[in-house]
1. Determine the relative contact order of the range 82-187: mean sequence separation of Cα pairs under 8 Å and six or more apart, normalised by residue count, in whole percent.
2. Once amide H atoms are placed 1.01 Å from N in the peptide plane, what residues at a sequence separation of 5 or more from residue 154, or on another chain, have their amide H within under 5 Å of its amide H?
3. Measure off, as a whole percent, the carbon and sulfur share of the 1.4 Å-probe accessible area of the range 141-218, all protein chains present.
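The values are calculated or read from the model by the stated rules, or taken from the named source; none is laboratory data. Given the structure is predicted, the values throughout are model-derived calculations rather than measurements. When the accessible area is computed, the model is the full protein with side chains, heavy atoms only, and any ligands, DNA or RNA have been set aside. Shrake-Rupley method; radii C 1.70, N 1.55, O 1.52, S 1.80 Å.
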Amino acid sequence: MSRILVWKAALVLGLAALSPFPASAIGSVTAGGVTFGYTNNFNTTTSNTVDVAFTGAGPADMAFESWWFYRVSGGSRESAFANPDIELYDGSLGQLGWDDPTGSSLFSASLSFEVFDSGAGGNLFQNMRIYNTSGADLTIDVFHYSDLDVNGTGGSDRASLGSNAAGIQINQSEGAQTAPIVGYGANAYRVSPYAQVLGDLTDNGVDNFANTGLPVNTPQDVTVGFQWSVTIAAGSYRDFMTQFGSNAPLLNPTVTVIPEPGTAVLMGLGLLVLAVSPRAARAA
Ligand SMILES: [Ca+2]
Ligand SMILES: [Ca+2]
Ligand SMILES: [Ca+2]
Ligand SMILES: [Ca+2]
């Protein structure tokens with residue numbers, strides 16, 4: 001589903017000049033009857049990370065938390081992305097941006113997300129783009145954590161490993177309600193009851209996922225983590241994409257990525273929105 005949208009240059013210029021929203025601002029994106037949004041703030045502490053809501057894809061909110069973490073090669077622990085420097089919410093598209101997550105000028109990051117109303121159920125794509133802004137190769141691990149609660153309840157979900165040639169697919173469910181989640185191109189997963197995966201991502205040690213925790217046959221509060229381990233060449237970028245398909249078939253892995261607003265302003269082109277796929281991302 002290729003699509004090109006042009007956002008109003010004046011809006012972008014205004015946002016860039018005014019440092020758009022308070023760091024703790026929240027927002028949501030909507031397509032048809034399906035909405036994904038951040039509901040509290042962007043703070044992560046031990047065993048507590050960013051709260052989200054995914055509504056309209058079932059009879060209740062299907063998502064409790066969803067957030068992103070990283071560990072640069074040689075680091076002593078994983079770190080959560082902190083309050084974004086940029087937040088944009090426009091219709092079904094949204095973006096969060098970070099100029100310098102480590103404070104050491106190693107990389108910038110841009111999380112684009114897009115929601116779809118599939119008629120029955122709904123889909124959510126998230127694409128974290130990491131730009132290597134250093135002068136050398138960047139070896140980094142990227143993690144996506146999701147606490148989906150199928151049917152709006154945490155304690156009664158099951159999960160199994162699905163089949164997906166494009167990545168790792170985990171099929172979470174409660175009764176007839178389903179919530180497949182895919183980590184495109186991911187190297188590993190970890191599934192655990194709340195909040196063991198999150199505990200590892202927020203503690204002071206190095207943790208790597210090892211494809212453990214499936215199947216979940218005893219109903220419980222399932223949480224899912226994906227890990228990508230990559231080296232990004234100087235001046236280049238990589239995309240890390242996930243999809244939820246709550247009570248809906250999974251869609252083709254394409255998400256509308258909004259380039260960094262700062263870059264668009266510098267180019268004087270306004271905000272050009274481009275569609276990318278994991279295949280294109282791997283070639284980058
Ligand atoms: Ca939380
Ligand atoms: Ca859960
Ligand atoms: Ca449930
Ligand atoms: Ca850790």
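1. Working: 166 pairs, mean separation 14.5, N = 106.
Relative contact order, the range 82-187: 14 percent.
2. For residue 154, whose amide H was placed from the backbone, there are no distant partners under 5 Å.
3. Values: 1330 of 2950 Å².
About 45 percent, which is the carbon plus sulfur part of the accessible surface.
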